[in-house]
Structure formats: structure tokens, C-alpha cells
Amino acid sequence: MSAHLDATFAALADPTRRAILARLAIGEASVLELAKPFAMSQPAISKHLKVLERAGLISRGQQAQRRPRRLDARPLADATRWLEQYRQFWEASFQRLDALLDQMKTLQKKSGHEGPQTTRAADPRAKGGKRRRSSTDENISSTRRKGDYP
Amino acid sequence: MTEAGALKLTTRGDREIVMTRVFDAPRALVFKAFTTPELVKQWLLGPPGWSMPVCEIDLRVGGRYRYVWRHTHGNEMGMGGVYREIVAPEKVVATEKFDESWYPGEAVGTILLIEQGGRTTLTQTVLYESREARDGVLKSPMESGVAAGYDRLATLLASMKAQ
């Protein structure tokens, strides 16, 4: 799975190969047909096709003469799913971090660590906040519990 | 300028994942939130259901860190690594490896924090070991710096689905 993903992403890193995939998304095509829109030699296109084949993104048909290439969607779906899970993990985490940073900023202002920016004393986020004076990490953690998050 | 809150996630070259995110806070605070166990435990939790019972950080070059997540259903997931470079409050480079890794070898993660006007742009990069790259199978000079964006992939998949 992992080596496959590497190969998938490597294969997708090139614009010519993405264009080939986009073409094959419409339907299968021979090497000649695939080479047509690109200012490239057939061997150059064949090299790209080999990379795509190795990544499992395309396969060859059985018609002896033409051997048309066709798109195999599964590795793409794997790559997308992986990236999507990765994104979801970080999106959820960063939303919590936003809240935490707001809290840290408030504590920092209250304890007067900041100079000029403390002029924004009427910060609405400060309302109903922590009453403690210090801005230690322990304070922040003790005022939050699991389940505070969406 | 990127809006605060919008996460950008792309792949770069054939071995990297690059993520950018803007936080409405000075980078000293962001750095602290990334490197203080009691703080990391509060936010680095992914989707709902996960907690972080173990978060150990020995923040020095050569020092180790160890994260373990636990889901309410009982499954656990652990990872850790060694710090390679620390430039507070700007940069942290560390190796990373999951206990049950789904990719070969060790990855290297870099966190870069740039502050502008009280906001901080995080650029988080993960460079994966790749057998393909190591063996020099992919020698195309076109590869470097070309981003195979997630959006492109999504577009491609959408066009496939439209068939």
C-alpha cells in the first residue's frame, strides 16, 4: 500500500502524466493517440506511460496491434483517501489549536506579558475567561477538559 | 494573503507533503503550542473520539518525542522520532515514524513558522523515504518543484466520475 502511494504521488507529480490520465479518463487510447497532443516523441511518451503503469494507474488492453491504455482508478482513490484522512486529522486539530491560541493570548494579555497590544483591553474573548493571574501552561491545561471540543 | 483557518494541503515532488495554515496568533505562542506536552495534548487530536494519553517531548537536538493517541473505541496509535534541528520560535525538524507504519522507512517533518502582523503562517512539510526515489527510478528532470495538488487530483477524479 505505502510503496504504491509513493508511486502514485510520483506519477501524479508530472503535468504530462496528469494530462495523459485526464485523456484516459475520457476513454482508452493507443500510444499514438496519447502522443498526439504533446510535442513529444513516442519514446518520451512511452516513458511516461511506464511510470503510470508501474504506479498501477493505467493498464494495457489485450488487442494485439493497438494495445490501448486505460485508466485504473483504484490507486487514485487510495491516494485521495489517504490525503483526505490526513487533511481531516489536521483540520480538526488546527481548529482546536485556534481555540487554544485564543486562550493563550488572553492569558498573556492578562498577565501583562505583552506591551502595546494590551491596549485592546475590550477584547470580547476575554469575557468570562480565567480569573487567574499567571499564564503558565498548567493553568491552561487545568481549565480545559476533554469534551470541550466539538 | 491566506485567510486564517484555511488549510492548504499539497504534494510536492514525489516524496513530500506540504501543508500551510494561518493562525491568528504570534508565532511565539504557536511554537509553544507545538512544543509543550500539556498544550499539544489539548489540540493534536484529529477527529472527535481521540485523546492523547502520552505526549513526551525532549526539545533538544538529538532529543526524542513520543505521541500515543487512544480512541474511545479502544484502539491506539503511536508515533515518535528524534529532533534534528530546533530554531525557536521559528523552526523544528524531526524524524517521524508510526508504530504501525503504513509507509516504508522514516519520514522527516519540518515545521516552519513565519509571523506577519501578529499572525503566523505555518508551513508543515513531511518528506517521506521513497524506494522509488532512492533507487533513482524516476529520473525525470521535470519532477522537482512541480506540485501535484490535491485540487488537481480532485478535479481529475471528478472528471472521471462524470463519465
Keeping to segment A:1-46, report how many residues are part of a helix (DSSP H, G or I) and under 18 Å from residue A:68 (Cβ atoms).
17
Considering B:151, B:99, B:135, which residue is at pLDDT 50 or above, surrounded by fewer than 17 Cβ atoms within 10 Å (Cβ to Cβ) and acidic (Asp, Glu)?
B:99
Does residue B:13 satisfy the condition of being at the interface with another protein chain (Cβ under 9 Å from one of its Cβ atoms), modelled with pLDDT under 90 and buried (at least 18 other Cβ atoms within 10 Å of the Cβ)?
yes
Residue B:79: touching a Leu at 6+ places or on another chain (Cβ under 8 Å) and either surrounded by 15 or more Cβ atoms within 10 Å (Cβ to Cβ) or in contact (Cβ under 8 Å) with a residue 40 or more places away in the chain (or both), yes or no?
no
Does residue A:52 meet the test of being surrounded by 14 or more Cβ atoms within 10 Å (Cβ to Cβ) and not assigned by TED's automatic domain parsing to the domain that holds residue A:9?
no
From the set of residues in segment B:36-95 that are within 11 Å of another protein chain (Cβ to nearest Cβ), part of a loop (DSSP other than H, G, I, E, B) and hydrophobic (A, V, I, L, M, F, W, C), which is farthest from residue A:103 (Cα to Cα)?
B:45
From B:43, B:50, which residue is farther than 20 Å from residue B:94 by Cα and surrounded by 16 or more Cβ atoms within 10 Å (Cβ to Cβ)?
B:50
Which listed residue is closer than 30 Å to residue B:40 by Cα, more than 7 Å from chain B (Cβ to nearest Cβ) and either modelled with pLDDT of 85 or more or not in a helix (DSSP H, G or I) (or both), from A:63, A:117, A:103:
A:103
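The values are calculated or read from the model by the stated rules, or taken from the named source; none is laboratory data. Since we're looking at a predicted model, the values are computed, not measured. Backbone-built Cβ (ideal geometry, glycine too); neighbour counts: all protein chains shown.
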